[in-house]
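Worksheet for the structure shown next.
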Amino acid sequence: AVVDEALQQAHLTMSDVGAVAATVGPGLEICLRVGARKAAHLASKYQKPFLHCHHLEAHCLVARLQTELEFPYLALLVSGGHCQLLWVQGVGDCSVLGGTLDDALGEAYDKAARMLQLSPATGG
């Protein structure tokens, strides 16, 4: 349903798509597995190449979809299990400058949700 809705909003069909991509790691394995399986299924069903990309690099590169951000740039990655400062010099060329030694933001959300007895779905 999500893919169909996205294609509809973009006024595209799968015949307009040249390849199907998904992030494959590192990250929360169950979430990445769902996306990768769906992407692999679509690639197989529509006979498109399946491309996999580094999950954290994808976070850094997605900013370029909304603006004409040129390389190199500094990225602050604050996601579920990561809090890192990265130097992004190009596609496939990211260097970690530093990161937290304690919990990342998503892990802190999960811990707070457990302490407050909230559902895991609403906590992080």
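The values are calculated or read from the model by the stated rules, or taken from the named source; none is laboratory data. Please read these numbers as outputs of a predicted model, since none were measured by experiment. FYI the Cβ positions are ideal-geometry reconstructions off the backbone, even for glycines, and counts take in every protein chain you see. Side chains included, ligands, DNA and RNA excluded: accessible areas come from the protein's heavy atoms. Shrake-Rupley method; radii C 1.70, N 1.55, O 1.52, S 1.80 Å.
List the pairs whose first member sits in the range 6-17 and is free of Cβ contacts under 8 Å to residues at least 40 places away in the same chain and closer than 18 Å to Ser44 by Cβ, whose second member is open to solvent by less than 60 Å² (accessible area, probe 1.4 Å) and among the β-branched types (Val, Ile, Thr), and whose Cβ atoms are under 9 Å apart, counting only residues at least 6 apart or on separate chains?
Leu7/Val17; Met14/Val3; Met14/Val20
Just to check your reading of the model, which residue among Leu28, Leu42 is within 21 Å of Thr100 (Cβ to Cβ) and aliphatic (A, V, I, L, M)?
Leu28
Quick check on my filter: what residues within the range 16-63 are hydroxyl-bearing (Ser, Thr, Tyr) and open to solvent by less than 80 Å² (accessible area, probe 1.4 Å)?
Once the filter is applied, which keeps residues that are hydroxyl-bearing (Ser, Thr, Tyr) and open to solvent by less than 80 Å² (accessible area, probe 1.4 Å), the range 16-63 yields only Thr23.
Which of the residues belonging to the range 10-64 are among the hydroxyl-bearing types (Ser, Thr, Tyr) and in contact with a Cys (Cβ under 8 Å, 6 or more places away or on another chain)?
Correct list: Thr23 only.
Can we say Val3 is β-branched (Val, Ile, Thr), in a helix (DSSP H, G or I), touching a residue at least 12 places away in the same chain (Cβ under 8 Å) and out of contact with any Ser or Thr (no Cβ under 6 Å at 6 or more places or on another chain)?
Values: β-branched (Val, Ile, Thr): yes; in a helix (DSSP H, G or I): yes; touching a residue at least 12 places away in the same chain (Cβ under 8 Å): yes; out of contact with any Ser or Thr (no Cβ under 6 Å at 6 or more places or on another chain): yes.
Criteria met by Val3.
Of all residues in the range 6-15, count the ones that are in a loop (DSSP other than H, G, I, E, B) and open to solvent by 100 Å² or more (accessible area, probe 1.4 Å).
Kept after step one, since they are in a loop (DSSP other than H, G, I, E, B), are these residues of the range 6-15: 10-13.
With the extra rule that they be open to solvent by 100 Å² or more (accessible area, probe 1.4 Å), the set shrinks to 11.
Matching residues across the range 6-15 total 1.
Return the residues of the range 37-76 that are part of a loop (DSSP other than H, G, I, E, B) and closer than 17 Å to Asp4 by Cβ; say none if nothing qualifies. Show your work before the answer.
Residues of the range 37-76 part of a loop (DSSP other than H, G, I, E, B): 46-49, 66-72.
Passing the criteria: Tyr46, Lys48.
What tally of residues in the range 70-90 results from selecting those that are open to solvent by 50 Å² or more (accessible area, probe 1.4 Å) and out of contact with any strand residue (DSSP E or B) (no Cβ under 9 Å at 6 or more places or on another chain)? Walk me through it before giving the result.
First, pick out the residues of the range 70-90 that are open to solvent by 50 Å² or more (accessible area, probe 1.4 Å): 70-72, 74, 76, 78, 85, 87, 89.
Among the residues that remain, those that are also out of contact with any strand residue (DSSP E or B) (no Cβ under 9 Å at 6 or more places or on another chain) are: 70.
Total satisfying the criteria: 1.
Go through the residues of the range 24-34 one by one and say whether even a single one is touching a His at 6+ places or on another chain (Cβ under 6 Å), outside any loop (DSSP other than H, G, I, E, B) and not hydroxyl-bearing (Ser, Thr, Tyr).
yes
What is the residue count in the range 51-87 for residues that are in contact (Cβ under 8 Å) with a residue 24 or more places away in the chain and more than 16 Å from the chain's Cα centre (by Cα)?
0
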